[in-house]
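The structure under discussion appears below in the form of structure tokens.
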Amino acid sequence: MSDVSEMPTEDQLSWMESGGGQSETKGGGQGEGTGVEANNEDAPGQGFNMAPGSQVTDQTHSAEPVDLRQSQVVTATSLDLPNKSKSDRTHPLIRVRTLNSRLKMVLWCIFRFQTLDWAFGINHSLPVFSLQDHERCVILYACSHVAVIYDHTSNTQHILQGHCNPVSCMCVSVDRRWLVTADSGGESLVIIWDTYTGIPVRTLFDCHPEGGVAALALSHDTKYLVTVGAGAVQVKLRAELDVTIYLSSPLQTHVLFNPADCMQLLSNSEKRVVFYRWASAIYTQCSPTFKRVVGLFSQSVFNSGGVQAYSATSLGNVLLWVQERGHSTYKALRLIPLQAEGITVLTVIERFIVTGDARGQIKFYDENLKLINSYSEFGLDPIASVSFSKECPPSGSKGYAVDCTLKAEPFVMRNFIFSTVTARVAHVTPQGNVAQDLLMEHADWLGAVACHPQQPLVTTGSHSGALKVWDYERHQQVCSRVFQKHPKVQCLAYDPRGFYLAVGFASGEVCLLDACTLQSETEDCFSHTTHAITHISFSRDSLYLATAVSVYIAQRWQLQGRFQSHYHPIQDLLFGEQLDSKLPCLFSLGLDRRLVEYDLQNSTEGKLVIMQEMRVDQSAVPSCMAWYPPLTPEHFLVIASHPDRMKLFDCTTMMCRKTVLSPTRGSPMKKMVVLPQTQDSKSRHMAYITRNMVGMQILPLDGNPYNSNMVLCHSTGVAGLACSHDGRLAFTAGGPDSTVFCWEMSATALEAAAALGGKDLTPFYSLLEGGRYGAQYREVEDFFYYCQLRSQGLDVTEPTRVSTHISLSEVPFILRAMGVYPTQQEMEDILNELKFGHHAETGRCATELDLPELIRLLVNRRSMQGLQHQDLLQVFKVLGKPDASGRVVICRDELLELLQTTVGEHGIKCIIYTHTHTHTHIYIYIYIKKSDSTSLCVYGADVLPVPREITMETLLADILGLSEATGGIQASSDADGSVLKKN
């Protein structure tokens with residue numbers, strides 16, 4: 001970042017001008033929202049009161065103003081920014097220039113590690129809204145945990161980020177100026193956006209802590225917002241008055257204000273309709289009974305006058321509600337069998353009542369429920385939503401189709417958008433009676449994603465059987481194919497030359513397709529198993545294809561061999577090259593902690609030969625692997641393990657040569673891809689995904705926490721990762737959210753942030769408690785110099801020689817003194833790492849290490865999470881047995897035998913580690929008295945009596961002196977701060 005030519009220009013920073021962190025992309029980037037003030041001068045006279053210092057009051061408790069900080073309502077208008085010029089344009093995303101260059105430069109450096117560039121997919125269960133004007137065709141829809149404003153005319157997206165959970169509901173104001181989004185789950189949010197600028201103007205925290213928000217609506221004057229929760233507190237009204245209504249009825253899934261009276265609103269569940277008069281805190285629950293089957297309620301609306309209401313059902317009936325004279329309550333007047341198909345959508349536009357049904361038909365009725373017009377020729381799936389343009393139709397009837405009445409008058413109507421349950425969005429122009437497809441996305445679980453090795457193409461596959469190829473530079477779909485016989489696409493892979501696309505299905509079938517046309521021949525499809533194909537990999541010469549169950553050779557793709565080499569699921573499958581002969585080699589990594597290498601040259605048809613196998617870890621569970629780039633003279637295979645470790649194995653000897661702390665912050669790394677070197681950076685980088693995040697890591701791996709960065713990519717979990725051939729973009733598949741996100745990876749920004757973390761040992765000091773001058777660092781330093789005294793002898797009278805190095809034989813003692821208790825195998829790996837760390841460069845084996853190297857070793861080897869209570873409880877359940885009362889207990893004799901003989905090293909490690917995790921650093925030794933086996937003697941403590949049957953509580957509190965706190969195991973200290981007292 002020191003080079004001025006690498007700084008972004010004014011044009012490159014235009015993403016900041018369109019919303020302070022939101023993205024308008026044609027290929028551009030996106031970052032987190034910054035909360036810049038919205039310009040309310042463009043509003044058509046109505047809207048939220050965004051004045052600085054605005055307050056919220058609670059009518060049900062007090063009329064005094066409530067502090068915004070206490071009510072947890074955040075508004076963006078407290079920022080004093082330059083005034084924005086007025087504009088006569090009324091469509092979304094008017095660009096404004098409010099941030100100076102220095103602020104934009106800082107925000108660019110902060111927010112452009114991984115920038116959300118494009119969103120492929122749609123949440124087909126939520127409505128799609130039309131923001132169209134005379135100039136552009138613009139729609140608004142939800143995609144996983146973000147909202148997308150898509151301009152079909154210019155093929156650009158403006159992505160609104162702010163939620164950490166999936167968006168559960170949305171609504172827009174009548175003038176399309178204000179957008180409200182809400183999510184479900186823990187720490188749910190309600191965010192109000194200005195669609196003209198694309199920035200958030202107000203955020204409501206914890207509106208419904210129990211389950212989040214299920215539905216919401218804005219009043220027609222845009223002064224009131226109502227939210228429906230998924231918990232016990234179901235209805236809340238947000239405005240100058242804050243009203244909460246508790247309902248015991250089933251979950252309300254739809255809510256709406258009366259257009260003629262904002263003091264009235266209705267909501268419905270599948271079996272009940274509720275009318276509210278919220279100003280007087282009165283509500284009426286209605287569930288009328290009829291002599292015929294009514295069906296389940298889908299949606300309810302008021303008519304244009306507000307004196308009547310309609311409720312649609314799943315059997316095609318419409319229930320008519322009328323307001324009682326002199327009262328604010330409604331009663332059911334008539335059940336009308338409107339149509340044979342179930343009604344999924346019910347809305348009102350001007351003088352028409354519009355329905356969408358399960359057969360894909362859209363029908364228009366007058367207020368007497370007489371059919372005026374019908375759109376049934378589009379061949380649609382069930383309708384999910386219908387939204388009309390805010391622009392009135394032009395005067396005149398030229399070009400409009402005639403309606404269904406006897407008069408056959410021209411049907412003059414606004415343009416509208418509809419969406420289906422199969423993720424199809426189309427724009428209908430009544431003047432011409434034409435439906436134009438805007439989006440056709442995946443509608444089922446999507447976890448398969450792959451990038452072409454030479455072209456800007458990305459392919460996605462879902463369980464609906466759809467396979468789509470996109471040009472990610474032009475954001476256009478190139479081709480697609482739908483599989484009918486075996487619809488569930490599980491995984492994808494291109495061969496290195498880009499000729500073939502291998503598709504693995506959940507049925508166990510593998511198909512090889514032409515990468516350009518997605519067509520295949522009969523002999524290019526194989527089925528040798530009934531289990532799902534979870535992994536597919538090509539060799540570098542494109543001669544071999546391996547799946548999780550089979551290996552094929554390229555000569556007419558005959559089966560080369562099969563072998564069940566793992567007794568747990570395969571985590572990863574990887575081809576490589578032998579260093580001497582350059583012939584292909586194949587590795588598989590299993591959940592059973594075993595790495596297996598196969599001999600492809602000596603394998604015969606139907607029999608796969610194993611060359612070697614090894615156990616990569618004793619306790620951690622491996623999750624993925626990749627070839628390490630040639631940054632050193634040695635060739636390494638890097639393996640990531642749960643929860644927080646990455647290991648480098650020498651490809652020749654298969655020895656563990658390095659172990660570092662992974663950048664996943666406790667979440668397991670699911671896949672990693674080494675990015676090709678770019679022109680703007682001299683370093684190498686790696687992209688990876690965890691449970692719900694995507695990140696980038698600077699290589700080489702050393703455990704520096706500032707060399708990596710992660711952002712939330714899919715709130716429901718990420719299922720797949722692929723990177724473009726130039727390493728500039730990363731694609732993540734969201735699995736259950738049916739979306740694929742395109743992320744722009746900025747190596748320059750990450751390197752600039754890493755430089756701010758410091759050089760040498762400065763980043764590692766931050767991982768020690770208290771930092772460079774804390775007690776933990778001083779303790780390491782004391783142990784370091786104490787080991788020098790121990791090696792020279794404590795009883796000698798000669799002068800002590802102070803050195804900057806200690807012998808490698810002292811490393812096990814220092815680690816155990818600092819609370820790190822590796823197994824014997826792990827200790828051998830540590831000593832090999834220290835001994836042969838620089839052997840390839842110097843040709844010599846190390847016999848000593850200095851203090852900086854010791855600190856790096858300690859930081860990378862100690863557990864960041866500690867021993868969790870649930871882990872120890874699981875071990876106790878495995879070793880123990882339930883007694884008569886159902887409690888899990890361990891017999892005293894069995895425990896003592898396990899500690900000494902059966903469990904051995906692992907058992908001793910568990911007992912010692914749980915105690916010394918509190919950093920008391922007391923060595924614990926367990927002895928058994930020969931004459932009496934009813935007590936345990938601990939060095940430095942009194943003899944502790946042990947009951948005949950030991951429970952989990954007895955083991956933690958009485959024997960080990962530990963207590964559970966904040967999810968982990970911590971010590972219960974006495975007054976002097978120590979756990980054990982000396983005799």
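The values are calculated or read from the model by the stated rules, or taken from the named source; none is laboratory data. Bear in mind that the values here come from a model prediction, so they are computed numbers and not experimental data. Ideal geometry is used to build each Cβ from the backbone, glycine not excepted, and the neighbour counts take in all protein chains shown. Note: areas computed on protein heavy atoms with side chains; ligands, DNA, RNA excluded. Shrake-Rupley method; radii C 1.70, N 1.55, O 1.52, S 1.80 Å.
In the list Gly508, Gly498, which residue meets the criterion of being open to solvent by less than 30 Å² (accessible area, probe 1.4 Å) and touching a Pro at 6+ places or on another chain (Cβ under 8 Å)?
The conditions single out Gly498.
Please work out if Glu634 is touching a residue at least 24 places away in the same chain (Cβ under 8 Å), more than 24 Å from Glu833 (Cα to Cα) and not hydroxyl-bearing (Ser, Thr, Tyr).
Considered against the rule, which asks whether it is touching a residue at least 24 places away in the same chain (Cβ under 8 Å), more than 24 Å from Glu833 (Cα to Cα) and not hydroxyl-bearing (Ser, Thr, Tyr), Glu634 comes out as no.
Based on this model, can you work out whether Ala548 counts as open to solvent by less than 30 Å² (accessible area, probe 1.4 Å) and farther than 23 Å from Thr530 by Cα?
Considered against the rule, which asks whether it is open to solvent by less than 30 Å² (accessible area, probe 1.4 Å) and farther than 23 Å from Thr530 by Cα, Ala548 comes out as no.
So, in segment 329-345, how many residues would count as being more than 19 Å from Glu270 (Cβ to Cβ) and among the charged types (D, E, K, R)?
2
Can you tell me which residue among Arg665, Arg593 is touching a Lys or Arg at 6+ places or on another chain (Cβ under 6 Å) and at positive phi?
Arg593
Give me the pairs, please: first residue somewhere in segment 448-474 and closer than 19 Å to Thr156 by Cα, second residue anywhere and of a type in the set (Asp, Glu) and part of a strand (DSSP E or B), beta-carbon distance under 7 Å, and either six or more positions apart or on two chains.
Going by the 7 Å Cβ cut-off, the qualifying pairs are Pro456/Asp471; Leu457/Asp471.
Residue-wise test of (1) touching a Gly at 6+ places or on another chain (Cβ under 9 Å); (2) open to solvent by less than 10 Å² (accessible area, probe 1.4 Å); (3) assigned to a loop (DSSP other than H, G, I, E, B).
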position	(1), (2), (3)
Asp617	no, no, yes
Pro622	yes, yes, no
Met625	no, yes, no
Phe649	no, yes, no
Thr664	yes, yes, yes
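Could you tell me which numbered condition Gln436 fails, if it satisfies all but one of (1) open to solvent by 40 Å² or more (accessible area, probe 1.4 Å); (2) touching a Gly at 6+ places or on another chain (Cβ under 6 Å); (3) assigned to a strand (DSSP E or B)?
Against the list (1) open to solvent by 40 Å² or more (accessible area, probe 1.4 Å); (2) touching a Gly at 6+ places or on another chain (Cβ under 6 Å); (3) assigned to a strand (DSSP E or B), Gln436 comes up short only on (2).
Out of segment 364-382, which residues are more than 18 Å from Ala309 (Cα to Cα) and of a type in the set (D, E, K, R)?
Once the filter is applied, which keeps residues that are more than 18 Å from Ala309 (Cα to Cα) and of a type in the set (D, E, K, R), segment 364-382 yields Glu377, Asp381.
When you go through Thr313, Thr347, Thr422 one by one, which is the residue that is touching a Gly at 6+ places or on another chain (Cβ under 6 Å) and either of a type in the set (D, E, K, R) or at pLDDT 90 or above (or both)?
None of the other options fit; the residue is Thr313.
Can you tell me how many residues within segment 456-474 are surrounded by 17 or more Cβ atoms within 10 Å (Cβ to Cβ) and farther than 16 Å from Ala730 by Cβ?
Residues in segment 456-474 being surrounded by 17 or more Cβ atoms within 10 Å (Cβ to Cβ) and farther than 16 Å from Ala730 by Cβ: 9 in total.
Out of the helices (runs of 4 or more DSSP H) lying entirely within segment 724-833, which hold 2 or more residues that are in contact with a Ser or Thr (Cβ under 9 Å, 6 or more places away or on another chain) and surrounded by fewer than 16 Cβ atoms within 10 Å (Cβ to Cβ)?
775-792
So Arg892 fits all but one of (1) modelled with pLDDT of 85 or more; (2) open to solvent by 20 Å² or more (accessible area, probe 1.4 Å); (3) in contact with a Lys or Arg (Cβ under 7 Å, 6 or more places away or on another chain); what number is the exception?
(1)
Return a yes/no flag: does segment 193-211 have any residue that is aliphatic (A, V, I, L, M), open to solvent by less than 30 Å² (accessible area, probe 1.4 Å), closer than 22 Å to Ile139 by Cβ and touching a His at 6+ places or on another chain (Cβ under 8 Å).
no
One residue is enough: does segment 597-611 have a residue meeting the conditions open to solvent by 50 Å² or more (accessible area, probe 1.4 Å), of a type in the set (A, V, I, L, M) and not in a strand (DSSP E or B)?
no
Among the residues of segment 845-860, is any under 34 Å from the mean Cα position of the chain (by Cα), within 20 Å of Arg665 (Cα to Cα), modelled with pLDDT of 90 or more and open to solvent by 80 Å² or more (accessible area, probe 1.4 Å)?
Yes, segment 845-860 contains a residue that is under 34 Å from the mean Cα position of the chain (by Cα), within 20 Å of Arg665 (Cα to Cα), modelled with pLDDT of 90 or more and open to solvent by 80 Å² or more (accessible area, probe 1.4 Å).
Among (1) modelled with pLDDT of 85 or more; (2) of a type in the set (Ser, Thr, Tyr); (3) in contact with a strand residue (DSSP E or B) (Cβ under 7 Å, 6 or more places away or on another chain), there is one condition Tyr400 misses while meeting the rest; what is its number?
(1)
Which of (1) closer than 30 Å to Asp541 by Cβ; (2) open to solvent by 30 Å² or more (accessible area, probe 1.4 Å) does His452 not meet, given it meets every other one?
(2)
Based on this model, can you work out whether Gln578 counts as of a type in the set (S, T, N, Q), under 20 Å from Arg657 (Cα atoms) and at pLDDT below 90?
When the stated conditions are applied, Gln578 passes them.
For segment 755-765, state whether one or more residues are at pLDDT 90 or above and of a type in the set (S, T, N, Q).
yes
I'd like to check which strands (runs of 3 or more DSSP E) are fully inside segment 239-301 and have at least 1 residues that are among the hydroxyl-bearing types (Ser, Thr, Tyr), surrounded by 16 or more Cβ atoms within 10 Å (Cβ to Cβ) and modelled with pLDDT under 85.
Per the criteria, 243-246, 273-277, 282-286.
Just to confirm my filter: which strands (runs of 3 or more DSSP E) fall fully inside segment 494-541 and include at least 1 residues that are of a type in the set (Ser, Thr, Tyr) and in contact with a strand residue (DSSP E or B) (Cβ under 9 Å, 6 or more places away or on another chain)?
Answer list for segment 494-541: 500-505, 525-527, 536-538.
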